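Take a look at the structure set out below.
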């Protein structure tokens, strides 16, 4: 029972907890870290169909950044990302606030708003492709009602196609965000509401000044979920527009996939993936620093 | 002398932050120790270390003559009661009481016997088949104590067990805990930030701040002879009055502004001449009178008086320092009245301003 | 947690106040936006092709036919296989059950370990895990192929289960971690003093308290795994292809004219399982989210 | 945890494939349109007749969707029995990595060298003197398909070449038709451009650029004319918004569009729709200008398998694919040309016969798949889809195009 026993003891303390953490440790180290390093390393090679360690320096990156399709993809993703974040969260919040007004049929409304989340992006893309199709979708319906000059064909207009995707993306995702935020709203102490009412602060102001700051954790969770979805945007585009018309709705994930597998240029695909990961890191590191580095847990 | 708990050079770091700094405590068998201090002082952390819920960085913990530094909480022979009761919500009271015994694979008859005994001691027999959600706060805390009781251990650890209760229940349960202690006569370590609890329950109090034990002594000792300025200020309500001045005349007098107070009869070490010193006077050790006594009184002006039922507090200003004095409730003083405060120097404390230590 | 699911706003006073008209009006407009595609899908799937071609996509069918549903379920072809979605349905179920179970077990244990049994570097692993949720699946496709090959799991059901577990892990672990950290730590401490170990506390204390978050995890995983196409097709072989592969085949292999009615029926059939789960457990979902996402 | 293991075991045992008597061979391909599926059925029928069993692994969505799956399966160590690739450079690295079955034995026994025509097809399957794939058909993309109905509706004669087609466009538009149908998938734009290159630029230019890799010619004035022509063609296709190639073909079949530049596989769609060449539709190989066709096509590759029984079945399938009967049956349904000159295709329709004639004359060029890497092709596709769907100037497009070709040198 001397202190010399300690190191061994420490190693095997809570051994079950350590065993239980193995899947997570392996996943993070092997898959996420390992896979990322692997991808980065091979992005400096000229691997074609199969990964080969023949290094070519920054060639793949030079080519990537001079490729107009890649540049369009980045631009599109930025556009989609910004609008998607703004709209999913603001519409989601608006709906959550409305749902929080002791309304009747709350269950029905919630089900209606949430069900699209159960459907895959492939399905979402197909349905909206159809509804937005000018020859039998909204445009033709409005025209058949007599408004002959009505034009609404976002999927065929390169300048509008990203908004067409946005309509579908919002349809699929806002319900879930609404649920998250509704949950957040209901987690707020009733006394806060009483206090603001006593202070005579108008309701809208209470939301802006008191409630939203108090919901910071929910907003962060929501942000993580929504942003992770945006970066991965792929299925929806493939199903709804295939990146068209032209290259007008290309997104980075499609570029990665196409060059890795269709063009059989793994190096180029990996370079593009690396850039995507890098941009994720640039966004996430400051956040992670604030979230985990700044304050102590426990 | 056999110790129930010995803490030897215990250190605990969270990363670069040192939370507990080389603590040493010996607890005698059957002793009731209260860890007292403001929040963040490390008192709960120390208790968690004793329980084995936190791995310490250095040092040793011995319980009942065994080195348990690296033992599992359940192997240390302790029972623990938490502030939020920590009752398992999905289990009945009986389930809560017997959970630990079942984990120890105790025979069923023995479990039943122990549960019955604990329920009897705590008078919770009618509640045994209820879920915690159906209990009141006081009942919940009784069950929580019962959970420690059934373990039949020699050491009880209490982590602010009464802070979630209202004032009435708190004093009731306080008495109950005291009764329990005198009945079972086991060792108790009790964490609180409430000095009344500390003063009423403890055999000895350990006052902590910043991960360091400031003073470990019997309640009266702590009250009357606080080891330093922090302990003096922390214990007692309202707080001790502090007069900033100097000791003069080879330590025979305390100079406070124009007034000089004679220090003969001071209960402490050599006072010496100190250019900066603090005279600490508890509100109940001052007497309000109308005439001055040179070297025994200091002049003051009444600001306000607060009748508190049993007695009354008078707030005054003396030499620019606000002071409070406890007086019988019948004694009313109008604001602005000029009075003199008589000092009982045998109960006063003098602190060195630099070291903050009592002289 | 249960008390956190009641509405908080001011009580409506009069039935037909301006405020209520605004409130319900807005909700109805949004509901229209959400319900419209489902309406279109259902209506179209009940029409014959001639009517689809002529008519208004929003109009209900003049003549209801279940032919497209039958065709989507049992007759639609991909390549030589003309047995519709029925073929993939049971495969999907076979993939779904072990994947959902394993991924939820692993993620809940992760969350529990991260909250209550922190070890050196556990925050680092968690942070990496969150980064992981941002990695596009396409990027990981190739490394995972290599990984599964080395594990000898490539092309097997268990390989796919592992993949679903890996990619479900970040978000689920986040939710479980948040949920478990909202359970008072003292409860965990009490159980340790009572001599319960890692698994004892997990099964006896944590699990019984965690129904809502398990429902959320269940819904998210059922939806995600059921709707997955990429992993199902890349990491398994045809006799294990999930329903979505057939859906893709039906929708993408155009034989002459696109049979929109069959496509819509196929789409609805494929979405049926997650849809039913949503309709049934929507309320628990919100409750679970309330408990799992609110606490940071 | 024990329960889970038990459940896991149960699931795994259900997942085990049932043992079959005949050798099952899983064949993956992306032939899922009407005509294509009918053609595959012929292959399956013939293979099943040998006592083996064809397990169909069709993956819809075209080569772009299917190829990653196939490559993943092969490199992942769980290969299928046989898989379709476009012959050319697509599978080269898999062969080099030693993942593919050597077919030389079968090829020599059946004298593939003597019967496969044009020989370039077999060259594409050969690496270091060994043969690794069995070509099944020849596809030539350079066809213009015209709807007789559309022209009848517009009241003008069906054009006989590209220039006439361009000239007829205003009349078609006046009749409410789309002159040129073009799907949104990127490869379709690239294909159309390739066809226009041969038609407008001619064979010499084509060979200079694609075979001799003469970049000056690619940047030269003759090629500029091709780009101008393509820029002109994109105006004709401006109103076409369909996605898949066969939806575009369908526009021609129904007479909503005047014509479509598409490979010879399009006639499978006409056939499924019950249309007759010459009467309902007209086909112009080489866009009716230069009657040259490129000879790309599909080939089957056979990944190495451990089970010797399966290897035997693979070789049987390889031999079968090249055999006369299968060639006839398959290509008639698929609308593609056979890979051997010695088969009787009297049953072939007008268009196929035109193709056979050109083939017999030897007016052939290698396909893009054979001369350029997939990487170059993909980049060209990206450029073309952008060019066809935007107002990028012909000169800009040409400059970018040259850059892309240079990346593949």
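Of the residues making up region B:1-13, those that are loosely packed, with under 14 Cβ neighbours inside 10 Å and either in contact (Cβ under 8 Å) with a residue 40 or more places away in the chain or within 13 Å of chain A (Cβ to nearest Cβ) (or both) number 2. With a requirement of 3 or more residues that are within 26 Å of residue B:137 (Cβ to Cβ), the strands (runs of 3 or more DSSP E) lying completely within region B:19-97 that satisfy it span B:32-36, B:78-81.
Whether any residue in region C:153-161 is touching a residue at least 40 places away in the same chain (Cβ under 8 Å) and more than 9 Å from every other protein chain (Cβ to nearest Cβ) is what I want to check.
So in region C:153-161, the residues touching a residue at least 40 places away in the same chain (Cβ under 8 Å) come out as C:154-161.
Filter again for more than 9 Å from every other protein chain (Cβ to nearest Cβ), leaving C:160.
Checked region C:153-161: at least one residue is touching a residue at least 40 places away in the same chain (Cβ under 8 Å) and more than 9 Å from every other protein chain (Cβ to nearest Cβ).
Could you tell me whether region A:88-95 includes any residue that is facing chain C (nearest Cβ under 7 Å), under 23 Å from the mean Cα position of the chain (by Cα), in contact (Cβ under 8 Å) with a residue 24 or more places away in the chain and under 27 Å from residue A:232 (Cβ atoms)? Steps first, answer last, please.
Here is the first cut: in region A:88-95, the ones facing chain C (nearest Cβ under 7 Å) are A:95.
Going one step further and asking which of them are under 23 Å from the mean Cα position of the chain (by Cα), we end up with A:95.
Remaining after also requiring in contact (Cβ under 8 Å) with a residue 24 or more places away in the chain: A:95.
Imposing the further condition that a residue be under 27 Å from residue A:232 (Cβ atoms) reduces the set to A:95.
Yes, region A:88-95 has at least one match.
Being surrounded by fewer than 19 Cβ atoms within 10 Å (Cβ to Cβ) and modelled with pLDDT of 85 or more holds for only one residue in C:67, C:75, and it is C:67. When C:173, C:165 are checked against the criterion of being within 14 Å of chain D (Cβ to nearest Cβ), out of contact with any strand residue (DSSP E or B) (no Cβ under 9 Å at 6 or more places or on another chain), within 21 Å of residue C:96 (Cα to Cα) and surrounded by 23 or more Cβ atoms within 10 Å (Cβ to Cβ), a single residue qualifies: C:165.
For the structure I just gave you, tell me whether residue A:51 is at pLDDT below 85 and surrounded by fewer than 15 Cβ atoms within 10 Å (Cβ to Cβ). Here the answer is no, as residue A:51 does not meet what is asked. (1) within 13 Å of chain A (Cβ to nearest Cβ); (2) surrounded by 17 or more Cβ atoms within 10 Å (Cβ to Cβ); (3) more than 17 Å from the chain's Cα centre (by Cα): which one isn't true of residue D:380, the others all being true? Residue D:380 satisfies every listed condition except (3). For region B:296-324: of the residues being loosely packed, with under 15 Cβ neighbours inside 10 Å and closer than 13 Å to residue B:341 by Cβ, which is farthest from the chain's Cα centre (by Cα)? So, considering only residues that are loosely packed, with under 15 Cβ neighbours inside 10 Å and closer than 13 Å to residue B:341 by Cβ, the one farthest from the chain's Cα centre (by Cα) is B:301. Among the conditions (1) without any contact (Cβ under 8 Å) to a residue 40 or more places away in the chain; (2) touching a strand residue (DSSP E or B) at 6+ places or on another chain (Cβ under 8 Å), the only one that residue B:116 does not satisfy is (2).
Inspect region A:234-241 for any residue being closer than 30 Å to residue C:179 by Cα and crowded, with 21+ Cβ neighbours inside 10 Å and give the result as yes or no.
The first filter runs over region A:234-241 and keeps only residues closer than 30 Å to residue C:179 by Cα, leaving none.
The answer is no; no qualifying residue exists.
Can residue A:246 be described as within 14 Å of chain D (Cβ to nearest Cβ) and part of a helix (DSSP H, G or I)? Considered against the rule, which asks whether it is within 14 Å of chain D (Cβ to nearest Cβ) and part of a helix (DSSP H, G or I), residue A:246 comes out as no. Comparison of A:210, A:198, A:224 shows that the only residue that is free of Cβ contacts under 8 Å to residues at least 12 places away in the same chain and surrounded by 14 or more Cβ atoms within 10 Å (Cβ to Cβ) is A:224.
Take the conditions part of a helix (DSSP H, G or I), in contact (Cβ under 8 Å) with a residue 12 or more places away in the chain and surrounded by fewer than 23 Cβ atoms within 10 Å (Cβ to Cβ) and apply them to residue A:79. Does it pass?
On the way: part of a helix (DSSP H, G or I): yes; in contact (Cβ under 8 Å) with a residue 12 or more places away in the chain: yes; surrounded by fewer than 23 Cβ atoms within 10 Å (Cβ to Cβ): yes.
Criteria met by residue A:79.
Taking the criterion of being in contact with a strand residue (DSSP E or B) (Cβ under 8 Å, 6 or more places away or on another chain) and either without any contact (Cβ under 8 Å) to a residue 24 or more places away in the chain or within 14 Å of chain C (Cβ to nearest Cβ) (or both), the residues of region B:53-72 that qualify are B:54, B:57, B:63, B:67, B:68, B:69.
Any residue at all in region D:280-303 that is surrounded by fewer than 24 Cβ atoms within 10 Å (Cβ to Cβ), more than 30 Å from residue D:162 (Cβ to Cβ), touching a strand residue (DSSP E or B) at 6+ places or on another chain (Cβ under 9 Å) and modelled with pLDDT of 85 or more? Looking through region D:280-303, at least one residue is surrounded by fewer than 24 Cβ atoms within 10 Å (Cβ to Cβ), more than 30 Å from residue D:162 (Cβ to Cβ), touching a strand residue (DSSP E or B) at 6+ places or on another chain (Cβ under 9 Å) and modelled with pLDDT of 85 or more. Taking each residue of region C:95-117 that is more than 8 Å from every other protein chain (Cβ to nearest Cβ) and looking for partners that are not in a helix (DSSP H, G or I) with beta-carbon atoms closer than 6 Å, six or more apart or interchain, yields C:95/C:242.
Which one of D:267, D:275 is part of a loop (DSSP other than H, G, I, E, B), touching a residue at least 12 places away in the same chain (Cβ under 8 Å) and within 14 Å of chain C (Cβ to nearest Cβ)?
On the way: D:267 fails: part of a loop (DSSP other than H, G, I, E, B).
Just a single option satisfies the conditions, and that option is D:275.
Restricting attention to region A:39-69, the residues being in a helix (DSSP H, G or I) and either over 19 Å from residue A:282 (Cα atoms) or more than 10 Å from every other protein chain (Cβ to nearest Cβ) (or both) number 12.
Would you call residue D:44 surrounded by 22 or more Cβ atoms within 10 Å (Cβ to Cβ), in contact (Cβ under 8 Å) with a residue 12 or more places away in the chain, on the phi < 0 side of the Ramachandran plot and not assigned by TED's automatic domain parsing to the domain that holds residue D:382?
Details: surrounded by 22 or more Cβ atoms within 10 Å (Cβ to Cβ): no; in contact (Cβ under 8 Å) with a residue 12 or more places away in the chain: yes; on the phi < 0 side of the Ramachandran plot: yes; not assigned by TED's automatic domain parsing to the domain that holds residue D:382: yes.
Answer is no for this residue.
In this structure, does residue C:279 turn out to be crowded, with 20+ Cβ neighbours inside 10 Å and away from chain B (no Cβ under 14 Å)?
Details: crowded, with 20+ Cβ neighbours inside 10 Å: no; away from chain B (no Cβ under 14 Å): yes.
For residue C:279, the condition - crowded, with 20+ Cβ neighbours inside 10 Å and away from chain B (no Cβ under 14 Å) - is not met.
Tallying residues that are surrounded by 20 or more Cβ atoms within 10 Å (Cβ to Cβ), part of a loop (DSSP other than H, G, I, E, B) and either modelled with pLDDT of 85 or more or on the phi > 0 side of the Ramachandran plot (or both) within region D:47-60 yields 1. Quick check: anything in region B:33-43 modelled with pLDDT of 90 or more and either more than 18 Å from the chain's Cα centre (by Cα) or within 14 Å of chain C (Cβ to nearest Cβ) (or both)? The answer is no; no qualifying residue exists.
Any idea which of C:188, C:180 is more than 14 Å from chain B (Cβ to nearest Cβ) and assigned to a helix (DSSP H, G or I)? Spell out the reasoning first.
Details: C:188 fails: more than 14 Å from chain B (Cβ to nearest Cβ).
Selected residue: C:180, the only one of C:188, C:180 that is more than 14 Å from chain B (Cβ to nearest Cβ) and assigned to a helix (DSSP H, G or I).
Scanning region B:151-192 for residues that are out of contact with any strand residue (DSSP E or B) (no Cβ under 7 Å at 6 or more places or on another chain), part of a loop (DSSP other than H, G, I, E, B) and either within 24 Å of residue B:117 (Cα to Cα) or touching a residue at least 60 places away in the same chain (Cβ under 8 Å) (or both) yields a total of 5.
The values are calculated or read from the model by the stated rules, or taken from the named source; none is laboratory data. Every value quoted in this text rests on a predicted model; they were computed, and no experiment measured them. Every residue, glycine as well, gets a Cβ built from its backbone with ideal geometry; the counts of neighbours run over all protein chains shown.
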